[in-house]
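The structure under discussion appears below in the form of structure tokens.
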Amino acid sequence: MRRIIFLCLVFLLAAKPASALSQFTTDYQITYKVDATGLTNVKYQISQTNNLSRVYATEFSLSVSHTNIENLKVKDFTTPIDPDIVLTNNITNINFPFINKIVGVDKTHTFSIEYNTHDIAVKTGSVWEINIPKITTNESINNLTVNLQIPPNFPKLVFVDPKPTKITNNIYTFSSHSLANKPISALFGSEQFFELNTSYYLENELNSNNQKTIALPPNTSYQEVLIKDISPKPDNITADPDGNWLAVYTLKPKQKLNIDLKQIIKLQFTPKSEIGTPDLSKYLEPTKTWDYNSQEFQKINVGELKDPQQIFNFVTDSLVYNYSLIEKDPLSRQTASFSLQHPTQAICTNFTDLFVALARKNNLPAREIQGFAMSENEKLKPLSLAKDVLHAWPEYFDKEKNTWIQVDPTWTNTTNGVDYFNKLDLNHIAFVIHGQDTTPPLPAGFYKNPEKTTKDVNVKETDPIEFPPANIQVEIKEQRGNVLIVSVKNPSGTAKLNIPPLSHQEMEINLNSRPIVGKSTKTVTVEIAGDQYTLPVSIKPILQPQALMAILATLLILLILIIKKIKNTNSVFPVSIKT
């Protein structure tokens, strides 16, 4: 959110307006006082000192990107002023004439602007998010002080940027030096819990059985999922190479199926690291959508975009969010090169696609997240995917932290600079991950029953709960020659690394040796999802009893035949007769 402050001046001398702005030195003290409900009282105390003897200001205009302001009060010294208010897009313009004319060098004009707004502090569940826009002005600012005052019962501070100059009890003070022309972002509370209820509709138009899948919100580096109930139960839940959870259903001929899913989503501020080193090569390749090998990308000096922050800034500075396109069909996806050619035709998918393409071009693994984002103000934080009003944002892989980092260039753009690069709020719920293709799998909200008009995605905050650990069941299912078939089941509602909830799968273990005859009892140790399981197993011999009996019978028959032949040979003696 960017506040742009203008001075409108009348000059008694024939001074040029362009040079007149430098004839004032201004001090700002801005206080943001947040109450227990999130209502924020904002007060600007402004002191403007004349640097010339015959130049003074007659009007003042303040533009703020708050769309909801209440109880506006303007005072020239102590005299109330009735201001004009004009709302344009996301900007509220406050204009007023000065009553007092302060003339003379080193003379100071003091005035104040005060209002209440719900656009600064937002409470979602047990977490408070505070975003204060940066101050942008053409004036010569001598001193700028920003005070953020919060209630004493706020949760623990887990993030603030920039760092405050001073903290006194529940008051955070920022100076011109510490602000460095940046917005202020703060997060109080490290975990967030949501109850997510989604509906899916599947239809088999064939005259034979047909297998179909739906995508369930999965675990990510930021989120952990508990399936409370899914009805009807799927045949299985599998994980694809991107980590999506795909529930598998077998539909009978012409069958129509309604599926209801209830989940608890736990979001955390600090992302979890990956176990081991994942294969990231597929997240560097160009695709039809992320077409960084197209001619448009040759026009960009990619060498200047050396890190994720610079790529992020390039995207937020280059594209313009187009609110008229919010309802467009999200499946009619444009390319990243299209966004470079048409920067004013952007919604969240365009911001995401350009970030992913530029990241991959710079050898930075990146992919797309589609999901749900809690937004208290859809002008400042728009949700662009149609259907059930979903959202899209990118993530990149940080090799030093060995984890995926999610960012939201769309909201940084639409809020005029709020930091969604270093701090993703605890309001972004991932439904699907797109790393190899931007269409499948479709997220929840896209499996619509054409006969119903109700929402398919319903999200609400809920109290924190303890997630039960996954109950992984491992057993030897059978032996096929030199291979043991191991059954791995997870009947619980939580996942264990790459083993989804309510899933079953098989793995193979090759035997190094087997007895020729007779069973042998051994133990086999297998590692599954980071845990080791020691299983007793009865190894079948190479020769099974039936085969052994057949061989023995054959040998016995051969032996009998040989003995008979020998006997027959020995019973014939030569006879000699003498006369």
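What to note about this one:
- Take the conditions (1) under 17 Å from residue 368 (Cα atoms); (2) surrounded by fewer than 16 Cβ atoms within 10 Å (Cβ to Cβ); residue 300 misses just one of them, which is (1).
- Spans of strands (runs of 3 or more DSSP E) in the range 1-78 with at least 1 residues assigned by TED's automatic domain parsing to the domain that holds residue 130 and modelled with pLDDT of 85 or more: 24-34, 40-50, 55-64, 69-76
- Condition check for residue 95: surrounded by 14 or more Cβ atoms within 10 Å (Cβ to Cβ), in the same structural domain as residue 175 (by TED's automatic domain parsing) and without any contact (Cβ under 8 Å) to a residue 40 or more places away in the chain: yes
For (1) basic (Lys, Arg); (2) under 28 Å from the mean Cα position of the chain (by Cα); (3) not assigned by TED's automatic domain parsing to the domain that holds residue 534, each residue gets a yes or a no:
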residue	(1), (2), (3)
483	no, no, no
487	no, no, no
490	no, yes, no
496	yes, yes, no
520	no, no, no
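- Checked against the criteria, residue 332 does not count as more than 29 Å from residue 444 (Cα to Cα), among the hydroxyl-bearing types (Ser, Thr, Tyr) and without any contact (Cβ under 8 Å) to a residue 40 or more places away in the chain.
- 2 or more residues surrounded by fewer than 20 Cβ atoms within 10 Å (Cβ to Cβ): qualifying strands (runs of 3 or more DSSP E) within the range 113-212: 121-124, 134-137, 140-149, 157-161, 166-168, 171-175, 191-203
- For the range 248-301, taking the residues that are in a helix (DSSP H, G or I) and closer than 19 Å to residue 366 by Cα, the one that is modelled with the lowest pLDDT is identified as 297.
- When the strands (runs of 3 or more DSSP E) confined to the range 454-527 are screened for residues that are closer than 23 Å to residue 239 by Cα, those reaching at least 2 such residues are found at 473-480, 483-490, 503-510.
- Any hit, the range 317-326, residues being part of a loop (DSSP other than H, G, I, E, B), in the same structural domain as residue 295 (by TED's automatic domain parsing) and free of Cβ contacts under 8 Å to residues at least 12 places away in the same chain: no
- Every pair of residues 6+ apart whose Cβ atoms lie under 9 Å, when the first sits in the range 41-69 and is within 14 Å of residue 92 (Cα to Cα) while the second is surrounded by fewer than 16 Cβ atoms within 10 Å (Cβ to Cβ) and of a type in the set (Ser, Thr, Tyr): 63/88
- For the range 269-283, a residue qualifies if it is of a type in the set (Val, Ile, Thr) and either in contact with a Phe, Trp or Tyr (Cβ under 9 Å, 6 or more places away or on another chain) or surrounded by 14 or more Cβ atoms within 10 Å (Cβ to Cβ) (or both), and exactly one does: 270.
- Pick from the range 528-554, criterion more than 30 Å from residue 497 (Cα to Cα) and part of a loop (DSSP other than H, G, I, E, B), ranking: modelled with the lowest pLDDT: 543
The values are calculated or read from the model by the stated rules, or taken from the named source; none is laboratory data. This one's a predicted model, so the numbers in the text were calculated from it and none came from an experiment. Every residue, glycine among them, receives a Cβ derived from its backbone with ideal geometry; neighbour counts consider all protein chains shown.
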